[in-house]
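The values are calculated or read from the model by the stated rules, or taken from the named source; none is laboratory data. All of these numbers come straight from a predicted model, not from anything done at the bench. Cβ atoms come from the backbone with ideal geometry, glycine included; neighbour counts cover every protein chain shown. Note: areas computed on protein heavy atoms with side chains; ligands, DNA, RNA excluded. Shrake-Rupley method; radii C 1.70, N 1.55, O 1.52, S 1.80 Å.
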Amino acid sequence: MALISILDTRIALAHARPEMGVLNTSLSVLHVTQPFLLAGSPEHPISTMLCLAAESNERHLELMKELALFLSNTQWRKQLESVSSEEELWCVLTREEEES
């Protein structure tokens, strides 16, 4: 079972450690325009769910630190909240400029 951390009123992180059966390190992102309620709780509307799996404890900690730095950026979180397409989401996540 993955652990769920609520990082913001609209961002949550599900993460699994090696002892939970992780075979490969990966990160998935679900972003929706209409927030859903985490565990049906009105206090936790989520529009972005990050799902992290790491094959070693060291890699798990490295990725958690990287995500913490990334998510501590207020400008990045505001950009994330305003995306309306897969392309915009990719640009925000990779910090690339969107091509016109």
Summing +1 per Lys or Arg and -1 per Asp or Glu among the other residues with Cβ less than 14 Å from Glu66's Cβ gives +1
The chain: antiparallel bridges as % of DSSP beta bridges, rounded to 5, reads 65
How charged is the neighbourhood of Ala53? Take every other residue with its Cβ under 15 Å from the Cβ of Ala53, and add Lys/Arg as +1 and Asp/Glu as -1. -3
Convex hull of the chain built on C-alpha atoms - directionally averaged projected area, nm²: 6.8
Only four residue types carry charge here, +1 at the Cβ of Lys and Arg and -1 at the Cβ of Asp and Glu. Report the dipole size of the chain about the Cα centre in Debye, rounded to the nearest 20. 420
Regression test value, accessible area per residue of the chain, probe 1.4 Å, units Å², expected 67
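Provide the gained length on full extension for the span Cys51 to Leu38, in nm with one decimal, where the gain is 0.36 nm per separating residue minus the Cα-Cα distance.
Result for the pair: 3.3 nm of gain on full extension.
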